[in-house]
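Contents: one structure, followed by commentary.
Values in this text are rule-based calculations from the coordinates and carry no lab data. What you are looking at is a predicted structure, and each value in this text was computed from that prediction instead of being measured. Neighbour counts run over all protein chains shown; Cβ positions are idealised from the backbone, glycine included.
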Amino acid sequence: MAFPQEAYDTLKKKYSLPDAAELNRHFGIGQIEQQDFLLREIRKEILKKFEFFQGLCEGLLNPEGNVWDLYESRLLTEQQKTKIFQTYRKLMMFLRSSLILSIIEDEAKDAAFLSAALKEWLSLHEELLHIADHIKQAWKTEESYKSVLDYMG
């Protein structure tokens, strides 16, 4: 089976949704085959991406036990952590909005969520790219294993 494009197109007209191709490019919805509750299934795929980056931000803001979180976090300035927290808050708003939607199960509200989530994702894209690049660069700094362990306590 393939993505139920006809069903999506019907919903797209009904709710003025973004193009499925754009949602697929950003959130990988193309593997969804289920036609029933299609918007709910798309919302779940969007959540996967938001949850991934929420976890990344959380690890940087509150490193616990993972060497990579501790290593990357200690190389951030307070200003960078403040920016990351602002991004984290935006991601959490969408995660909690989805939590509510999973309780009320309303197709129109799922549709509004999809449109808002894509818009928010596009606005967060640059900041998330900046965060990812910064933590990648952190691994280029020469640190001994011992200094990292000393930092960990």
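For the chain, which span is the longest to avoid every loop-located (per DSSP) member of chymotrypsin sites (Phe, Trp or Tyr not before Pro) having at most 13 other Cβ atoms inside 10 Å? Kindly include the intermediate steps, with their values, before the conclusion.
Working: sites that count: F37, W139.
Formally, the longest exposed-site-free interval is 38-138.
Which lysines have a Cα less than 25 Å from the Cα of K119, not counting those fewer than 8 places away in the same chain?
K12, K13, K14, K44, K48, K49, K81, K83, K90, K109
For the chain, what relative contact order do you get, as a whole percent, if you take Cα pairs closer than 8 Å and at least 6 residues apart? Present the calculation step by step, with values, prior to reporting the outcome.
Values: 105 pairs, mean separation 38.8, N = 153.
Result for the chain is 25 percent.
State the volume of the convex hull built on the alpha-carbon positions of the chain, expressed per residue in Å³ and rounded to an integer.
Working: hull volume 19.5 nm³, N = 153.
Considering the Cα atoms of the chain, their hull volume per residue is 127 Å³.
What net charge is computed for the residues neighbouring Q54, neighbours being all others with C-beta under 11 Å from the C-beta of Q54, Lys and Arg scored +1, Asp and Glu -1? The partial results should precede the final answer.
Numbers: positive: K48, K49, R89, K90, R96; negative: E51, E58.
After counting each charged neighbour, the total is +3.
With unit charges on the beta carbons (Lys and Arg positive, Asp and Glu negative) and the dipole taken about the Cα centre of segment 16-123, which residue among L95, G28, W68 sits farthest to the positive side?
Selected residue: W68.
Read phi for every residue in segment 25-36 and hand back ³J(HN,Hα) as whole Hz from Karplus 6.51 cos²θ - 1.76 cosθ + 1.60, θ = phi - 60°, with x for Gly and Pro.
With the stated coefficients, segment 25-36 comes to 4, 8, 10, x, 7, x, 7, 5, 10, 6, 8, 5 Hz.
On full extension of the chain, what length is gained from T82 through K140, given 0.36 nm per residue of separation minus the C-alpha to C-alpha distance?
Values: separation 58, 0.36 × 58 = 20.88 nm, distance 2.32 nm.
Here the answer is 18.6 nm.
Kindly provide the helix-only [θ] at 222 nm of the chain, computed as the sum of -39,500 (n - 2.57) over DSSP H runs of four or more divided by all residues, to the nearest 500 deg cm²/dmol? Don't skip to the end; give the middle numbers.
On the way: 7 runs with 117 residues, N = 153.
Calculated mean residue ellipticity at 222 nm is -25500 deg cm²/dmol.
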